[in-house]
Amino acid sequence: MRKNKFETVEILRSEVNILELSDVVKCMKRWIEEPDGQCHSITVTGFHGLWEGFRDAHLRDILNSADLWIADGIAPILIARVRGIRNMRRIPGAELMEAFFQLANQERYGSFFYGDTNQTLALLRNSLERRYPGHKICGTHSPPFRPLTLEEDNRVIEMINESKPEVVWVGLGMPKQDRWVFEHKDRLHAPIAIGVGAAFGFHAGTIKRVPKVIGEIGLEWLWRFAMEPKKLWRRDLIDGPRFLYHVGLELVGLERCGQSTDRDLTSAGQADI
């Protein structure tokens, strides 16, 4: 269990924090203003991360090791409500970024953006410089779509550290971004590193954001599926029902019977990819 003051709800053996957006921003401000020499990591994911973590015990350990696990998605919220927890809030990655940019605009904090394409990063920079002139963009980098060599990886870390950001935002998609943060946070000098998936595209304007009312009623997944069916059909139409099945077993106290299925689930997942 991670060491912070917030309670958690266990879902498929993952520990999701029970908190609100303001709680996260306060944590980030404290980590920046009271540095302890560590790079604090934040997991931002919903059912996708829970499911991938359930299938892969090592990934689940990575996600659970984060200083905060934020529920980006309606599934953890609904599951928590079934268990009688009412004070848990959905915090999409794009909304967390926006809340931080508002704070950074006042405090002159800086960000480094790692991931996505050069085009998206250029649009993101233009948008943020226009909307949040007090927020410093320390740098951006779009990595190649292949594993980096050790030399390339070292250069990336040096580049980020030399730019001295308060937050390193990673947009590589889940679970790649969460593995990257876990593997590199001990070498990062920034107080915070966060994987936020497609949120770069939302702020850059390359991905249309879901209308707020649709997000609030828990249908963002359907909106995004309609926008990107080729990318999301397997996750939503295959992994989604499997996730719900195992959550149902857990809610009635039978999920523990399936604890030995991690290897089978991982193998099945690899076959799907």
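The values are calculated or read from the model by the stated rules, or taken from the named source; none is laboratory data. The shown structure was predicted, so the numbers you read here are calculated from the model rather than taken from an experiment. Note: ideal-geometry Cβ built from the backbone for every residue, glycine included; neighbour counts use all protein chains shown.
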Exercise. Only one of Pro211, Pro191 is at pLDDT 95 or above and in contact with a Phe, Trp or Tyr (Cβ under 9 Å, 6 or more places away or on another chain); which?
Worked result: Pro191
Exercise. Given the structure, is Ile32 among the aliphatic types (A, V, I, L, M), more than 16 Å from the chain's Cα centre (by Cα) and within 24 Å of Phe101 (Cα to Cα)?
Worked result: yes
Problem set entry | Residue that is touching a residue at least 40 places away in the same chain (Cβ under 8 Å) and among the basic types (Lys, Arg), where the choices are Lys176, Lys136, Lys164 | Lys164
Seminar exercise, completed: Every listed condition ((1) within 13 Å of the chain's Cα centre (by Cα); (2) within 27 Å of Glu158 (Cβ to Cβ); (3) modelled with pLDDT under 95) holds for Gly37 save (1)
For this session: Pull up the range 162-189, narrow it to residues that are surrounded by fewer than 16 Cβ atoms within 10 Å (Cβ to Cβ) and over 14 Å from the mean Cα position of the chain (by Cα), then point me to the one that is nearest to Asn105 (Cα to Cα).
Result: Lys164
For this session: Starting from residues that are assigned to a strand (DSSP E or B) and among the small types (Gly, Ala, Ser), keep the ones in the range 1-42 and report whichever is nearest to Val247 (Cα to Cα).
Result: Ser14
Exercise. Taking the stated definitions as given, is Ser111 surrounded by 13 or more Cβ atoms within 10 Å (Cβ to Cβ), among the hydroxyl-bearing types (Ser, Thr, Tyr), part of a helix (DSSP H, G or I) and within 22 Å of the chain's Cα centre (by Cα)?
Worked result: no
Exercise. What pairs can you find where one residue is in the range 46-74 and more than 20 Å from Ala199 (Cβ to Cβ), the other is of a type in the set (Ser, Thr, Tyr) and in a helix (DSSP H, G or I), and their Cβ atoms are less than 7 Å apart, with a gap of 6+ or different chains?
Worked result: Arg55/Thr266; Asp56/Thr266
Problem set entry | When residues of the range 143-152 are limited to those that are without any contact (Cβ under 8 Å) to a residue 24 or more places away in the chain and not aliphatic (A, V, I, L, M), the one surrounded by the most Cβ atoms within 10 Å (Cβ to Cβ) | Glu152
